[in-house]
Amino acid sequence: IPNDLVYAMDGSIYFSDLRFRNPPPNPARTDFSALYQITPQGKVRVVSRDCERPNGMALTANQQKLYLADSGPCTLWVYDIAADGALKNGHLFADMSSDRTGVPDGLKTDEDGNIWVAGPRGIWVFNARGEHLGIIALAEGPTNCCWGGDFRELYVTAGSSVYKIATHVNGTRTY
């Protein structure tokens, strides 16, 4: 079941398929979680099976990298994007383990190269080197986020609320 997606300027669509834990057998579905690409020509292909529970994703402003949240071990991955849209050089980018309830979920990037991730306690912010810059604490666990307004406002969905956070950076204009 598709979970999250991002649209690239070349016409590719990347989406995560987050398998339920212990799903009932169904021959019409895959038996693994994966990250997929729908190519500009309409072909669907698996581009990564690295993550246990692939979830939210985002492209960098120059669309040369894709970040992916893995809700299983609470980590973030980063991939280089090849000329044909395939993913390569995937590796662990950051650890989001916490003693608080929650897992990395939706995420976005900004034009300065930072990554904003809905996670335990709030929105976690990392720089392009994977250094944890801090957490914007929220009253409830966030599930997703997106840039809005003039792309300097981060909208965050949570259990029963939607938050609007003013920032001092420009959000990446990807969808």
- Exactly which trypsin sites (Lys or Arg not before Pro) in the range 93-128 are in a DSSP loop and have at most 11 other Cβ atoms within 10 Å? Arg100
- Query: Within the range 60-90, whose backbone N sits under 17 Å from a point 7 Å along Cα→Cβ of Val46?
  - Reply: 86-90
- Task: Would you mind counting up the charge near Pro40? Only other residues with Cβ under 11 Å from its Cβ, with Lys and Arg at +1 and Asp and Glu at -1.
- Result: -1
- Roughly what percent of Cα-Cα pairs across the range 2-91 reach past 15 Å? 56 percent
- Whole-percent carbon and sulfur share, accessible surface of the chain, 1.4 Å: 52 percent
- Query: Given a 1.4 Å probe, how much area per residue of the chain is accessible, in Å²?
  - Reply: 51 Å²
- For Glu153 and Asp99, what is the calculated FRET efficiency with R₀ set at 25 Å and r taken between the beta-carbons, to the nearest 0.05? 0.25
- Message: Please list, by residue number, everything in the range 55-77 whose backbone N is under 16 Å from a paramagnetic label point 7 Å out along Cα→Cβ of Asp112.
- Response: 61
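Of all chymotrypsin sites (Phe, Trp or Tyr not before Pro) in the range 1-102, which ones are in loop regions per DSSP and have a Cβ with at most 10 other Cβ atoms within 10 Å?
Sites meeting the loop and neighbour criteria: Phe20, Phe32.
Tell me the GluC sites (Glu not before Pro) within the range 58-156 that lie in a loop according to DSSP and have at most 15 other beta-carbon atoms within 10 Å. Can you show the working numbers first?
Details: sites: Glu111, Glu131, Glu140, Glu153; in loops: Glu111, Glu131, Glu140.
Within the range 58-156, the qualifying GluC sites (Glu not before Pro) (loop, at most 15 other Cβ atoms within 10 Å) are Glu111, Glu131, Glu140.
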- Query: By the scheme Lys and Arg +1, Asp and Glu -1, what is the net charge of all other residues having a beta-carbon under 11 Å from that of Asn55?
  - Reply: -4
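The values are calculated or read from the model by the stated rules, or taken from the named source; none is laboratory data. As the structure is a prediction and not an experimental result, all values here were calculated from the model. All Cβ positions, glycine included, derive from the backbone under ideal geometry; neighbour counts span all protein chains shown. Just so you know, the surface numbers come from the protein's heavy atoms only, side chains and all, with ligands and any DNA or RNA stripped out. Shrake-Rupley method; radii C 1.70, N 1.55, O 1.52, S 1.80 Å.
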